[in-house]
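These notes concern the structure reproduced below.
The values are calculated or read from the model by the stated rules, or taken from the named source; none is laboratory data. Every value quoted in this text rests on a predicted model; they were computed, and no experiment measured them. Cβ: placed from backbone, ideal geometry, glycine included. Neighbour counts: every protein chain shown. Areas reflect the complete protein model, heavy atoms only, side chains present, ligands, DNA and RNA absent. Shrake-Rupley method; radii C 1.70, N 1.55, O 1.52, S 1.80 Å.
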Amino acid sequence: MSGAALGLEIVFVFFLALFLLHRYGDFKKQHRLVIVATLLAWYLCFLIVFILPLDVSTTIYNRCKHAANSSPAENNGSYVTLAPSKQKCFKPWSYIPDGIMPIFWRVVYWTSQFLTWILLPFMQSYARSGGFSITGKIKTALIENAIYYGTYLLIFGAFLIYVAVNPNFNLQWNQLQTIGIAAANTWGLFLLVLLLGYGLVEIPRSHWNGAKRGYLLMKTYFKAAKLMTEKADAEENLEDIMEEVRKVSESIKYNHPLRKCVDTILKKCPTEYQERMGRNMDDYEDFDERQNSYPSEKSLAKLHKQVIYSVQRHRRTQVQWQILLEQAFYLEDVAKNESSATRQFVHTFHSQEPENKIIQYFYTPTVEWYWECLLRPWFYRVLAVVLATFSVIVVWSECTFFSTKPVLSLFAVFIQLAEKTYNYIYIEMACFLTIFFLSICVYSTVFRIRVFNYYYLASHHQTDAYSLLFSGMLFCRLTPPLCLNFLGLTHMDATISHKNTQPTAYTSIMGSMRVLSFIADGFYIYYPMLVVILCIATYF
């Protein structure tokens, strides 16, 4: 079974990332490079979350094996091991052979960092550019990212100067590498706590409110009114942009050098507008540069960019409007069927999409009535209480994980109790549930946030290329500090536990943060405590 669990999880996580990307992206219309880059970013981040529990169980087994094989005379080396247990060190079913995990983490980590700091920002600017040639788009992307990359160099240079002027350090390559990792993790942790503070409160609350039929229906009405305003604004904006395109198309005739740029813009317009403009076009005419003023290629590139954005926004609001209407009709049906004497769920409007025959066979109107009108509210209430309990445990552990004597972090207590009996299944399940809950709180917030319509993840294939790439950037920046925070909560990080024990392979790749003591002993420990203030602010 050695390495089998790792292989299975690698395959499973790939299909999970592919499924989510298919839900939010559009494989048919979006550029293949955008799809591949976003898929790789999501895949690597999900992979870290799923594989880290295996790293923890393997590390605990290696510690046990090292303690059992070491005599007191031999125990004055690099590791101070725990007292050997009377119980034999059983190899976990998911044991990963030595040497595999360090290589695996090194490839995954540095690939994700290359994506988030170099490739994805460049592809964002490239995808948003209105240029008509590959060279023009690359030039625009380089100019837009010049300030972006300059900021990174400035921050990294500040850390570099701090270490260089410190007489206690001889600057070496591994220390330089650690400085870069520390700078990236500090940026990620700053944003991580903000998103975590929102998710810890909003996820349990949303499930609790999900049990309130009246609340859900009123919220849907509110969202419908808000979306109607946005939909009308998108339609008006699209009309204005199409009017500009029509004027440009009529002024630049077929024999003009810039006509190919206009044709590129027309291809991005909705079909009905293309047909309308085609009917209004005159036949071939000569142009005279001295008599007419024509737009420049730069202004056409700006118009091209506006067309891409307005068409995408219009299409997205149309699809979301239909989905929201179906949701509102369904909630109204639930309210009507609650008082049904026949206990048969009756739909006012049937879905236009054909239903799965297997689901239709088992999910009968009677089963649907019992689930929607009776069981689902109670299920959501119980789930909300469980999630709220997890949130309280996370907040408590975030505020106390620095305490090692006594151990106050509940996650560390659970792992240490399981470590005494070497119950690897329990260790892996506890680690997975912990990091999975933290990931859900953070990632779900990433999927919910919306920044002035420029960044917005919309389901049903309605997310644009810019937002997909931006989400990949956020995932790659948030996941490493999230995993380090998890290892700190469970005291598997030697920087937190202050024990000279064998580290996890993931921690060894991160390097010793002691190079920057004010970050290791200050920011990483005390900044996560702000999650309490953020949770209170979110609650109220």
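For the range 405-416, the count of residues that are more than 30 Å from G199 (Cβ to Cβ), assigned to a helix (DSSP H, G or I) and either among the aromatic types (F, W, Y) or over 29 Å from the mean Cα position of the chain (by Cα) (or both) is zero. For A341, are the conditions met, namely being among the small types (G, A, S) and part of a helix (DSSP H, G or I)? Answer is no for this residue. Among the residues of the range 472-501, those that are assigned to a helix (DSSP H, G or I), hydroxyl-bearing (S, T, Y) and surrounded by fewer than 24 Cβ atoms within 10 Å (Cβ to Cβ) comprise T495, S497.
Kindly indicate whether L176 is surrounded by 21 or more Cβ atoms within 10 Å (Cβ to Cβ), part of a helix (DSSP H, G or I) and hydrophobic (A, V, I, L, M, F, W, C). No; evaluated as a whole, the condition is false for this residue. Scanning the range 85-138 for residues that are open to solvent by 40 Å² or more (accessible area, probe 1.4 Å) and among the β-branched types (V, I, T) yields I100, I103, V107, T111, I118, I134, T135, I138.
In the range 173-181 there is no residue matching the filter, namely being in the same structural domain as A465 (by the TED database), at pLDDT 85 or above and among the hydrophobic types (A, V, I, L, M, F, W, C).
Considering every residue within the range 462-469, establish whether at least one is modelled with pLDDT under 80 and in contact with a helix residue (DSSP H, G or I) (Cβ under 6 Å, 6 or more places away or on another chain). Scanning the range 462-469 turns up at least one residue that is modelled with pLDDT under 80 and in contact with a helix residue (DSSP H, G or I) (Cβ under 6 Å, 6 or more places away or on another chain). Number of residues in the range 206-227 that are under 26 Å from the mean Cα position of the chain (by Cα) and of a type in the set (F, W, Y) equals 1. Write out, first by first residue and then by second, each pair whose Cβ atoms fall under 6 Å of each other, whose residues are 6+ apart or on separate chains, and whose first residue, in the range 301-320, is within 17 Å of D263 (Cβ to Cβ) while the second is surrounded by fewer than 19 Cβ atoms within 10 Å (Cβ to Cβ) and charged (D, E, K, R). Within 6 Å, the pairs are V307/K268; I308/K268.
With respect to the conditions (1) open to solvent by less than 70 Å² (accessible area, probe 1.4 Å); (2) of a type outside the set (D, E, K, R); (3) at pLDDT 90 or above, C373 lacks only one, and its number is (3). Taken together, the criteria place K231 among residues that are surrounded by 13 or more Cβ atoms within 10 Å (Cβ to Cβ) and part of a helix (DSSP H, G or I).
For the range 211-228, residues that are open to solvent by less than 70 Å² (accessible area, probe 1.4 Å), assigned to a helix (DSSP H, G or I), of a type outside the set (S, T, N, Q) and more than 15 Å from H314 (Cβ to Cβ) total 6.
Could you tell me whether the range 241-259 includes any residue that is charged (D, E, K, R) and under 27 Å from P480 (Cβ atoms)? Can you show your working first?
Within the range 241-259, the subset charged (D, E, K, R) is 243-244, 246-247, 250, 253, 259.
Applying the additional criterion that residues be under 27 Å from P480 (Cβ atoms) yields none.
The answer is no; no qualifying residue exists.
Can you find a residue in the range 116-128 that is at pLDDT below 80, closer than 23 Å to L39 by Cα and either not assigned by the TED database to the domain that holds Y424 or not polar (S, T, N, Q) (or both)? Yes: one or more hits. Here is the figure for the range 318-346: residues that are modelled with pLDDT under 85 and either among the charged types (D, E, K, R) or open to solvent by less than 50 Å² (accessible area, probe 1.4 Å) (or both) total 1.
Answer yes if at least one residue in the range 451-466 is assigned to a loop (DSSP other than H, G, I, E, B), within 14 Å of Y24 (Cβ to Cβ) and in contact with a His (Cβ under 9 Å, 6 or more places away or on another chain), and no otherwise. For the range 451-466, residues assigned to a loop (DSSP other than H, G, I, E, B), within 14 Å of Y24 (Cβ to Cβ) and in contact with a His (Cβ under 9 Å, 6 or more places away or on another chain): present.
Any residue in the range 394-417 that is more than 30 Å from F122 (Cα to Cα), open to solvent by 70 Å² or more (accessible area, probe 1.4 Å), out of contact with any helix residue (DSSP H, G or I) (no Cβ under 7 Å at 6 or more places or on another chain) and not aliphatic (A, V, I, L, M)? Within the range 394-417, one or more residues are more than 30 Å from F122 (Cα to Cα), open to solvent by 70 Å² or more (accessible area, probe 1.4 Å), out of contact with any helix residue (DSSP H, G or I) (no Cβ under 7 Å at 6 or more places or on another chain) and not aliphatic (A, V, I, L, M).
Cβ-Cβ distances below 8 Å connect the following pairs, each with a first residue in the range 210-225 that is not acidic (D, E), a second residue that is not in a helix (DSSP H, G or I), and a separation of six or more residues or different chains: R213/E338; L216/G210. Filtering the range 255-266 to residues that are part of a loop (DSSP other than H, G, I, E, B) and surrounded by fewer than 14 Cβ atoms within 10 Å (Cβ to Cβ) leaves N255, P257.
Does at least one position in the range 475-486 carry a residue that is more than 20 Å from L194 (Cβ to Cβ) and in contact with a Ser or Thr (Cβ under 8 Å, 6 or more places away or on another chain)? Scanning the range 475-486, I find no residue that is more than 20 Å from L194 (Cβ to Cβ) and in contact with a Ser or Thr (Cβ under 8 Å, 6 or more places away or on another chain), so the answer is no.
Restricting the range 10-61 to residues that are farther than 24 Å from F432 by Cβ and among the aliphatic types (A, V, I, L, M) leaves a set whose member that is surrounded by the fewest Cβ atoms within 10 Å (Cβ to Cβ) is V36.
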